[in-house]
Structures are given as C-alpha cells and as structure tokens.
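Report on one structure; see the data block that follows.
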Amino acid sequence: MSISSSLSMDSAGTRRSSTAVSTVTQSIRHAAEPFNRSTADIILRSSDLVDFRVHKCILSEASSIFSDMFMLAQPQVAAGSNGADGSRDATNEDASLPVITMQEDSGVLDNLLRICYPVPRKPLHIVGALSPVMAAAVKYAMDGILSILREDLRIVTPNFPLRAYCLATYHGFTAEAAQAAKSCLPISIPQLHTVNIPELKLIDGNALLTLIRYHQRCSQRVLALGQKLPFLSPDWVWFTCDERPTICPKATKSIILPKGETSVPALWWLQYVLSMFVVLRDTPYGDAIRRNTWLWDEAIRGAMTCPKCRKHALKHMRVFVQKLADEVDITVSKVKLSG
C-alpha cells in the first residue's frame with residue numbers, strides 16, 4: 001500500500017488564498033491531553049479539523065507506514081487559529097510543526113493514538129466505535145495495535161456476534177471469526193437471512209453462506225445426539241417410576257440407555273426432551289437449554305402430578321438439564337467453521 005493512498009498530505013508548495021486559510025484555521029481545535037503537549041514534533045489533523053500533537057518516534061514504532069513517511073519530505077507547517085470555544089491561537093510551536101491531514105475523524109484518531117501511547121484508554125466495546133479504529137490500524141500497518149483491537153473484538157462478540165463475525169471475516173481474523181460464528185448459534189437461520197447490520201457490506205455472499213452452513217452442521221450434530229444420549233442413568237425417576245399409567249402416563253417409545261438396555265420413560269419427561277430438541281434444531285447451543293424456563297416449568301408441573309415422580313423430579317431434572325447442556329456444548333465445539 002502506497003503512502004499516497006493511505007494519507008492525505010498537504011504539500012509545502014501548495015498555494016492557498018488568504019480567505020481559504022482563514023476559513024480552515026478558524027475551525028481548527030486542539031485535541032485533548034495527552035495530544036496537546038509542547039514536546040510534540042508533528043501534528044495529525046483529523047478530517048473534522050482537530051489537531052493531534054504527537055511524536056514521530058512513537059508513531060514510527062507503532063506503524064511502518066508512518067515510519068516510511070517520516071523519511072520523506074516534510075508536509076506543510078501547521079496554520080494557527082483564533083476561534084473561540086476550543087479553537088486556538090497560532091503559537092510559535094504550532095507554526096513550526098509539520099501537519100499531516102488525515103482521512104479519519106477525531107474520534108477514530110483519539111482511540112487509535114491512545115493505544116499507541118502509554119496512557120489510559122477505554123476498551124472499544126461498541127462495534128460502531130471499534131470498526132473504524134480497526135480499519136485505521138490495518139490501513140497504517142499497526143500490527144501491535146491490531147492485537148489489542150482483536151482482544152476488544154473478542155470481548156464484544158457475545159453481545160454483537162454477527163457484527164463481530166463480519167469484522168473478523170473482513171480482516172481475515174480466523175480465530176475471532178470462528179468464535180463469532182459459534183456466538184451466532186442463538187440466532188436462527190431465518191433471522192440470519194433477514195438481519196440488517198452495517199457490517200454486512202464488508203463481506204460477500206460466500207462468507208455469509210459459510211456461517212449458515214456452519215449453523216446447519218451444528219444443528220445436525222446436536223439432533224444426532226438426541227438419538228442416544230450418552231449420559232442417561234437408569235436410576236432417574238422418569239425411568240424407575242412404576243405408578244399406574246392413569247396417574248403417570250408412560251411414553252409410547254423406549255429410550256436406549258448407555259449400556260444398550262432400553263426403558264420406557266414417563267411421558268412428561270419425554271415431552272420435555274422432544275420439545276427441547278425442537279428448540280435446539282433452530283438454536284443449537286447449550287444455553288438454549290439452561291435458559292428455557294418455560295419447558296422446564298411445563299415438565300415439573302407434569303412430574304408433580306405423580307406421587308412417585310414428584311419426590312425426585314427436581315433433583316434429577318437439574319442434573320439431566322446440566323448434563324444435556326454440557327453435552328450440546330461439547331458436540332458443537334467439535335464443529336469447524338469451514339468443514
């Protein structure tokens with residue numbers, strides 16, 4: 001990537017009318033601390049005309065693009081300003097500093113530079129703020145900064161999984177894309193087809209198709225798990241209950257237990273399992289089980305109608321639900337994004 005395609009730099013030889021210079025300088029403002037220090041040796045001017053007084057040595061270490069640029073001819077010196085409410089007067093220091101006009105706005109530059117400098121920063125946990133900073137870090141070849149931004153991306157992924165998937169895919173972050181794809185499992189495939197987010201424009205149809213196919217493979221693996229649950233215990237109350245069918249109806253099908261034997265469970269339990277796997281078909285992840293209180297309540301109400309099931313139903317169901325959710329998570333963890 002050439003420097004000219006990355007930065008918009010005024011040349012020292014450019015002539016401007018006094019009116020044009022006055023219009024620009026009146027609106028130029030200082031950036032906040034620490035980007036207003038007198039020790040700076042260059043100014044980055046944002047697209048919304050905020051001057052960031054920075055140090056070449058720091059930018060050179062953070063970015064090979066800046067390092068290469070500083071070895072070229074210097075851009076023009078900064079123009080002063082005399083506006084009110086945040087605008088500045090010309091100073092000897094500003095008048096002697098080169099200025100680089102940047103394509104990024106002041107918010108993006110502030111977030112980017114705070115990672116370069118040894119100063120406190122707020123993690124970028126909003127995708128709308130993270131996306132342009134990440135794009136700038138890629139643009140200016142700030143590899144060390146990208147590693148920090150990738151951590152921010154991992155943090156926002158659970159709350160914004162599809163947006164994170166688009167960002168990770170666009171920038172070629174394989175591990176983060178896989179994490180985001182897994183976090184998209186609570187979103188049903190019909191929802192994935194209709195969702196409208198700004199980051200979708202960053203990816204092509206193949207990337208979205210990859211996500212949908214991953215979702216489908218996870219669903220298929222989880223549904224296959226339901227054919228024979230490896231953790232079932234013959235001692236659970238829905239298998240041991242011998243109450244009369246008029247009081248505790250039995251299922252019409254047998255369940256295969258881990259050692260190969262079969263058992264006919266109580267109907268209330270089988271209805272719970274069948275209903276839960278309908279949920280898992282659309283959203284194949286463990287928390288779909290842990291968070292579904294409606295099906296849980298329905299099952300417990302059914303168990304409470306049986307004098308024998310009610311003695312142990314709550315205890316055994318808690319164990320069963322946790323084991324089922326864990327098994328779903330293990331099953332999904334073995335499915336690759338591209339497979």
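Read-outs: derived from the displayed coordinates by stated rules, not from any lab. Keep in mind that this is a model prediction, so the values were computed, not measured. When we count neighbours, we look across all protein chains shown, and the Cβ atoms used for this are built from the backbone with ideal geometry, even at glycine.
How far apart, in nanometres, would the label points at Ala175 and Ile187 be if each is projected 7 angstrom from Cα along the Cα-to-Cβ direction?
The answer from the label model is 2.3 nm.
Report the charge-dipole magnitude of the range 127-203 in Debye, nearest 20, computed about the Cα centre from +1 at each Lys and Arg Cβ and -1 at each Asp and Glu Cβ.
Working: 6 positive and 5 negative charges, 27 e Å.
So the magnitude is around 120 debye.
Taking the Cα centre of the range 140-247 as origin, work out the dipole magnitude from +1 charges on Lys and Arg Cβ and -1 charges on Asp and Glu Cβ, in debye rounded to 20. Walk me through the numbers before you get to the answer.
Details: 10 positive and 9 negative charges, 58 e Å.
In total the dipole reaches around 280 debye.
For the range 128-213, restrict the atom set to alpha-carbon positions and state the Rg and Dmax in Å.
Answer for the range 128-213, Rg first and Dmax second: 12.4, 38 Å.
Farthest toward the dipole's positive end in the chain, which of Phe52, Val237, Pro34, given Cβ charges of +1 (Lys, Arg) and -1 (Asp, Glu) about the Cα centre?
Among Phe52, Val237, Pro34, the one farthest towards the positive end of the dipole of the chain is Val237.
How far, in degrees from 0 to 90, does helix 267-282 lean away from the longest principal axis of the Cα atoms of the chain, to the nearest 10?
Long axis of 267-282 versus the principal axis of the chain: about 30 degrees.
List, in order, the whole-Hz ³J(HN,Hα) value for each residue of the range 44-53 obtained from phi through the Karplus relation with A = 6.51, B = -1.76, C = 1.60 and θ = phi - 60°; use x for Gly and Pro.
So the Karplus estimates, Gly and Pro as x, are 9, 9, 6, 5, 9, 6, 10, 8, 9, 7 Hz.
Taking H as built 1.01 Å from N, whose amide H comes closer than 5 Å to the amide H of Thr101, not counting residues under 5 places away?
Long-range HN contacts for Thr101: Asp10, Arg45.
Expressed in nm to one decimal, what extension gain is obtained for the pair Asp282 and His312 from 0.36 nm per residue of sequence separation less their Cα-Cα distance?
So the chain would gain 7.7 nm between Asp282 and His312.
Relative to the longest principal Cα axis of the chain, at what angle does helix 205-225 sit, 0 to 90 degrees, rounded to 10?
Orientation of helix 205-225: about 20 degrees from the principal axis.
Using amide H atoms built in the peptide plane, which far-off residues or other-chain residues are under 5 Å from Ile42 H to H?
Val54, Lys56
So how much slack lies between Gln227 and Tyr117, counting 0.36 nm per residue of separation and subtracting their Cα-Cα distance, in nm? Write down the numbers at each step before the final one.
Numbers: separation 110, 0.36 × 110 = 39.60 nm, distance 5.62 nm.
This chain segment gains 34.0 nm when fully extended.
Kirkwood hydrodynamic radius, the chain, all distinct C-alpha pairs: what's the number in Å?
24.5 Å is the Kirkwood radius here.
May I ask for the angle, rounded to the nearest 10°, between helix 127-139 and the longest principal axis of the chain, with both axes built from Cα atoms and the value confined to 0 to 90°?
50 degrees
Taking the chain as a whole, which cysteines find no other cysteine Cβ under 4.7 angstrom from their Cβ?
Singleton cysteines: Cys57, Cys116, Cys166, Cys184, Cys218, Cys241.
Before anything else, pin down the relative contact order of the range 227-333: Cα pairs under 8 Å, at least 6 apart, normalised by residue count, whole percent.
This gives 29 percent for the range 227-333.
Return the calculated 222 nm mean residue ellipticity for the chain, to the nearest 500 deg cm²/dmol, obtained by summing -39500 (n - 2.57) across DSSP H runs with n ≥ 4 and dividing by the residue count.
Numbers: 17 runs with 179 residues, N = 339.
Helix contribution divided over all residues of the chain: -16000 deg cm²/dmol.
Grab the Cα-Cα distance for Lys56 and Asp242, subtract it from 0.36 nm times how many residues apart they are, and report the gain in nm with one decimal.
The span from Lys56 to Asp242 would gain 58.9 nm if fully extended.
Toward the positive end of the charge dipole of the chain, about the Cα centre and with charges on Cβ (Lys, Arg +1; Asp, Glu -1), which of Ala62, Ile255, Thr210 goes farthest?
Of the listed residues, the answer is Ile255.
Rg/Rh for the range 172-268 to two decimals, with Rh computed the Kirkwood way over all alpha-carbon pairs.
With Rg and the Kirkwood Rh in hand, the quotient comes to 1.22.
Longer than 24 Å from Cα to Cα, which of Lys122/Lys182; Lys253/Lys308; Lys56/Lys201; Lys182/Lys253; Lys182/Lys323 are they? Say none if no pair is.
Table pairs above 24 Å Cα-Cα are Lys122/Lys182; Lys56/Lys201; Lys182/Lys253.
So how strong a dipole does the chain carry about its Cα centre when Lys and Arg Cβ are +1 and Asp and Glu Cβ are -1, to the nearest 20 debye?
Details: 37 positive and 31 negative charges, 367 e Å.
Roughly 1760 debye for the chain.
Quick one: compute a quarter of the convex hull surface over the Cα atoms of the range 196-339 and quote it in nm².
10.1 nm²
Can you give the FRET efficiency for Ile148 and Asn196, using 1/(1 + (r/R0)^6), R0 = 30 Å, r = Cβ-Cβ distance, to the nearest 0.05?
0.50
Mind ordering 290-299, 245-254, 158-167 by average Cβ neighbours within 10 Å, highest first?
Averaged packing, sorted descending, gives the order 158-167, 290-299, 245-254.
Considering Cα pairs under 8 angstrom that are at least six residues apart, work out the relative contact order of the chain and quote it in whole percent.
12 percent
Among Val264, Ile187, Phe320, whose Cα projects farthest towards the positive end of the dipole of the chain, with charges put on the beta-carbon of Lys, Arg (+1) and Asp, Glu (-1)?
In the chain, that residue is Val264.
Only bridges whose two residues both fall in the chain count here: according to DSSP, what percent of them are antiparallel, nearest 5?
Once the DSSP bridges in the chain are tallied, antiparallel ones form about 65 percent.
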